[in-house]
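Asks: Please read through the structure below; I'll follow up with questions.
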Amino acid sequence: DFGRSSELAFVVEPSDDIAVQEQPLILYCQVEGIQPITITWRKNGVMIVDSENAFMLANGSLYVSRFQRVRADGSSDEGEYDCMAQNHYGLLVSRKAKIQAATMSDFHIHPQNAVVEEGGVARFQCQIHGLPEPVILWHKNSMPVNTDNERYTLLPKGVLQITGLRAEDSGIFHCVATNIANVKFSREARLTVSGSHSTVYKDPMILVGPENLTLTVHQTAVLECIATGNPRPIVSWSRLDGRPIGVEGIQVLGTGNLMISDLTVQHSGIYVCAANKPGTRVRRTAQGSLVVQAPAEFVQHPQSISRPVGTTAIFTCVAQGEPPPQITWLRNGQILETSDHIKLKNNNSTLSIYGINQADEAIYQCLAENSAGSTQASARLTVLWADGLPSPPQSVRAETVSATTIQVSWEKPLQNTKEIIGYVLHIRKAADPVEMEYQEAVSKSTFQQLVTDLEPSTSYSFYIKAYTSRGASKASEVTVVSTLGEVPAMPSLFIKVINSTTVQATWEPSIKLGQHEGFKLYYRKVHLSQYTGPVLLASNITAYNITHLDASVVYEVKLLAYNQHGDGNSTVRFVSLRETVERTVLNPPCDCMKDEQNNKTSTTGIIIGIHIGVTCIIFCILFLMFGYRGRLLMCKNVQEQLSTPQIPRSQRSATGLVLNGATRRDRDDRDLNGKQLDMNELERLFPASPSQEQQEKGITSAHSLSAPHDETQISTLPLDEFSITEEQPDPLPKNPHASSPAAPAPNHGSANEG
C-alpha cells in the first residue's frame, strides 16, 4: 500500500435540491482525514441543533423528517445549508446547498381561440411557473395530442405548433402542467380551420421568433421559430457572429425550431432565424440571445504546506466559470480578514502570509462562486515549533517509476516516535523557489508514498517530516531524483503525389520535441520487407520529397519523431502513383513553361516579321525608283542607237531572222511604237539637245519613207541581247502594217547561236 492522504477533506458535499412539501429530505456530507472528526450543520449561517424535525445521521448526513415551506411559527426549511468538519488540524466548510420547496403557480398564459385557413399554421401557448420546471402536455377534445403526427410539434416551454392545417385539425385544445408538487389544467381554446387552401401569394412572415434564454451547461435549449407565407417559406438558422452552429447535439423540431442538447459555454451567442421565400432572396429574420453559464470549477487547487516560524506561506487558488467566479478565503470556516501580514493578490487568487506564527496554523479554504454554482478547496498551514519532537525520518529514498510518477520511501525516526500522528512529504521542483513547494500528508503507519502527476524529464526534491500533536520534526535529508524522459508524440503525416515518380511527405512537428531532436523517415515497396532509410531530418523541417519511385507499385511511408529518450511511435501512410500515371497519359498536364516560351517565341516572330515586311516595302520602293531611272537611261541609249545608218531590206539576205520567237517585222513594229512613246516621255522629262531633235526628225522621216517601200528600220543591238535562230523564209503578209504576231516556224534546220 502506498497509503492515502490524511488531510481533512470532503468526500461528498451537499448539493442543491428541490424538496416536496411534507416529505422527508436528506442532505449528504462525508469527510475523510485524521480522526477524531466532528461534523456539524448550518442553515443560512446558523448552527442547526438536533430536533425531532431535523437531526444528523451517524454518517454525517442531515435528515429532515417533514419538509415544510412555512411552519406554524413562521420559519421555513428552505435556505442554504452547509456542512462543517473539524479535527485537530482545523475546520472545513462545505459548499452551500440551496434547498427550495417544490411549487407550482397558476397559469399566467392560457391558449387562445384561433381561426386559420386550411394549409396555414396554428400556434397555442401555455405558460406556468414551478419548481421543478413543470412538464406541459396538450389535449385535443379531452384526449392527449398524437405526438406521432409530424405536423404537430410540442415544445418544452408549453407551445403547440400545427402546420399544414386540415379540416380534421379543428377542435378544442387545453394543456396540462405536471411536477412533483401539483397537476394543473389550463383553460380551453377552440381551433377553427376555415375555407380551402389559398393560392394567393403572401410574403414570408415570422409569427414567433426566438426568445432570450439563460441556461446552464448540460441543459437543453429550444429556440422557437415559426413562419408563414405562400409559398411556404424555408426556415434556416445562423449565428450573428458568423461562427458555425455545428451538428453535434443539434436537432430541428417541426418546421424550423432549433434544439441544442448538452449545452456548453461555446454555444452562447445571438442566433438568427430566417424565413426565405423559395427560389428568391426575399427573407424575414428574427433573433434571440442564448447565454450559457458554467458553475465555478478549480483550475489550480491550494496545496498544504509547512513553514517555520517567521517565514512566508503562499497559497494559490485559480478558478474558472461563466460568468467568472468570485473567490473568497476562509480560515477555519470564518471569512479571512486581511492585515499587514495577510495579503490577497491577483483577484484574490493568491494568499500570502508573511512572518507566520503559531496563530496562523489553520486550514485555509478557497471558495469560488458565481450565479451557476459554487465550489471549495482547502489547504493546511503547519507552523514548525516546539522542542522534544521526533528526530528526522531516516533513509529517505526516491525511485523513478515513470515519466510522471516517483515513489518515495523512508524509515521512522530514531527518537521520540510514540507521539507521531503522521508524516508530511515535501515536494518541489529542483529548479523552483522554496515557496513553490507543496506537501502530501501520510498516515503514521505508512512509510512510502507514490507521487503522481509530475512532469517528464524534470528533477524533483523530496524530504520528510514527522508530526506530533505538538509540532513537526526537523526535515530529513533531501533527496533529488528526475522523472523519466518522454519520447515525442506521433506526428501527423500527409502524403501528396507530385508526379508519376515523386511524392511529398508533410507533417506537423510535435510540441514535445527538444532542441536537438528531429524526425526519421522510412519508405518501401509494400511487397518488400526492407525499408529505405532512415532519412534523418531536423526538427524544423516539415516536408520531404521522395523521388525515383516506381509508378506501378504501392509504397508505404513511415515517419516518427525522436529525442534523447528514444523513438516515438510512427505514423504510417500508403500511397499509389498508378492513377497519376493513367491521368497523365489520358490528359497530359500543361507545360506552362513551354507554353510561355512558345508565347514568347510567337511574339518574337511577329516582331521580326513586321521588321522584315517594312524592310521589303522600303526595298520595293527603292527598286521602283531606281528601276524607273534606269528605264529612262535605257530609252536614251536606244535613241542614240536609232540614229545610226539603216540597211535597206533589199540588201539583206533572204534568210529571215527570228528574234525570241517573233518575226522581225512584228518585233520592229512594236519597238518603233514603244520608242515613240518613250521619246515623248523623255522629251517631257528632259529637254532634248539640238542634235537630238535632228535625230528625232531623221527617225520620223525615215519611218515615214520606209512605210511605202515596206522596209523595216532595224536598230543595232549587242549580240548578247539576243538568241538568233536561222529559219526558212516565210511569205510576207499582204498587209505590210499588220501587227499580229506570227507563229514560230518549225525548226527544220540546225540552230546557230550567235
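The values are calculated or read from the model by the stated rules, or taken from the named source; none is laboratory data. Predicted, not measured: the structure shown is a model, and the values here were computed from it. Here the Cβ positions follow ideal geometry from the backbone for every residue, glycine too, while neighbour counts run over all protein chains shown. We work out accessible area using only protein heavy atoms, side chains counted, and drop any ligands, DNA or RNA first. Shrake-Rupley method; radii C 1.70, N 1.55, O 1.52, S 1.80 Å.
Asks: Check which residues have an amide H placed less than 5 Å from Ser268's amide H, if you skip close sequence neighbours.
Replies: Amide H to amide H, under 5 Å and 5 or more residues apart or across chains, Ser268 pairs with Val292.
Asks: Then there is this: Please compute the length gained on full extension between Lys525 and Asn212, using 0.36 nm multiplied by the number of residues separating them and subtracting their Cα-Cα distance.
Replies: This chain segment gains 106.6 nm when fully extended.
Asks: Using the scaling law 2.2 N^0.38 Å as the reference, what is the normalised Cα Rg of segment 494-577?
Replies: Here the Cα radius of gyration is 1.10 times the empirical estimate.
Asks: Continuing with the same structure: Compactness ratio of segment 9-101: Cα Rg over 2.2 N^0.38 Å, N = residue count?
Replies: Working: Rg = 13.2 Å, N = 93, 2.2 N^0.38 = 12.3 Å.
Compactness ratio reported: 1.07.
Asks: When the scattering of segment 369-424 is computed by the Debye formula from its Cα atoms alone, each counted once and equally, what is log10 I(q)/I(0) at q = 0.24, 0.27 Å⁻¹?
Replies: Calculated log10 I(q)/I(0) at the listed q: -1.04, -1.12.
Asks: Next question. At 1.4 Å probe size, with every protein chain present, just tell me what the per residue accessible area of segment 104-286 comes to in Å².
Replies: Per-residue value: 54 Å².
Asks: Counting other Cβ atoms within 10 Å, which chymotrypsin sites (Phe, Trp or Tyr not before Pro) in segment 83-166 have at most 13 and lie in a DSSP loop?
Replies: Loop-located and lightly packed - none at all.
Asks: Let me ask you something else. Compute, for Asp106, the solvent-accessible surface of its heavy atoms (probe 1.4 Å) with the complete set of protein chains present, and express it in square angstrom to the nearest 10.
Replies: Approximately 110 Å² of Asp106 is accessible to the 1.4 Å probe.
Asks: Something else about it: State, in angstrom, two size descriptors of segment 133-183 derived from its alpha carbons: Rg to one decimal place and Dmax to the nearest whole number.
Replies: 11.7, 38
Asks: Now a separate question. Using θ = phi - 60° and the Karplus relation 6.51 cos²θ - 1.76 cosθ + 1.60, list the HN-Hα couplings for segment 201-214 in order, rounded to whole Hz, with x at every Gly or Pro.
Replies: Coupling constants for segment 201-214: 5, 9, 4, x, 9, 8, 6, 9, x, x, 9, 6, 10, 10 Hz.
Asks: For a quick protection proxy, order the peptides 274-285, 249-260 by their average other-Cβ count within 10 Å, most packed first. Write down the numbers at each step before the final one.
Replies: On the way: 274-285: 14.8, 249-260: 18.0.
Top to bottom by mean Cβ count within 10 Å: 249-260, 274-285.
Asks: Starting from the Kirkwood radius over alpha-carbon pairs of segment 8-162, derive D by Stokes-Einstein at 25 °C in a medium of 0.890 mPa s and give it in µm² s⁻¹.
Replies: Here the translational diffusion coefficient equals 128 µm²/s.
Asks: While we're here: Residue by residue, what Karplus-based ³J(HN,Hα) values in Hz, rounded to whole numbers, does segment 228-239 have, using 6.51, -1.76 and 1.60 with θ = phi - 60° and x for Gly and Pro?
Replies: 10, x, 9, x, 4, x, 9, 9, 9, 10, 7, 9
Asks: Hey, what D do you get for segment 301-384 in µm²/s if you plug the Kirkwood alpha-carbon radius into Stokes-Einstein at 10 °C and 1.306 mPa s?
Replies: 122
Asks: Multiply the residue separation of Ser194 and Ser51 by 0.36 nm, subtract the distance between their alpha-carbon atoms, and state the gained length in nm to one decimal.
Replies: Net length gain for the segment: 44.9 nm.
Asks: Would you please give the residues with an amide H less than 5 Å from that of Ser170, counting only those at least 5 places away or on a separate chain, with H modeled from the backbone geometry?
Replies: Val193
Asks: Across segment 121-126, in residue order, what do the Karplus-derived ³J(HN,Hα) couplings come to in whole Hz, using 6.51 cos²θ - 1.76 cosθ + 1.60 with θ = phi - 60° and x for Gly and Pro?
Replies: 10, 10, 9, 10, 9, 10
Asks: Scan around Gly568 for amide H atoms under 5 Å from its own, H built in the peptide plane at 1.01 Å from N, and keep only partners 5 or more places away or cross-chain.
Replies: Ala561, Tyr562, Asn563
Asks: Please list 367-375, 546-554 highest first by mean number of surrounding beta-carbon atoms within 10 Å per residue.
Replies: Descending packing order for the listed peptides: 367-375, 546-554.
Asks: List the trypsin sites (Lys or Arg not before Pro) within segment 152-208 that fall in a DSSP loop (any state other than H, G, I, E or B) and whose Cβ has at most 16 other Cβ atoms within 10 Å.
Replies: Values: sites: Lys157, Arg166, Lys184, Arg187, Arg190, Lys202; in loops: Lys157, Arg166, Arg187.
Sparse-neighbourhood loop trypsin sites (Lys or Arg not before Pro): Lys157, Arg166, Arg187.
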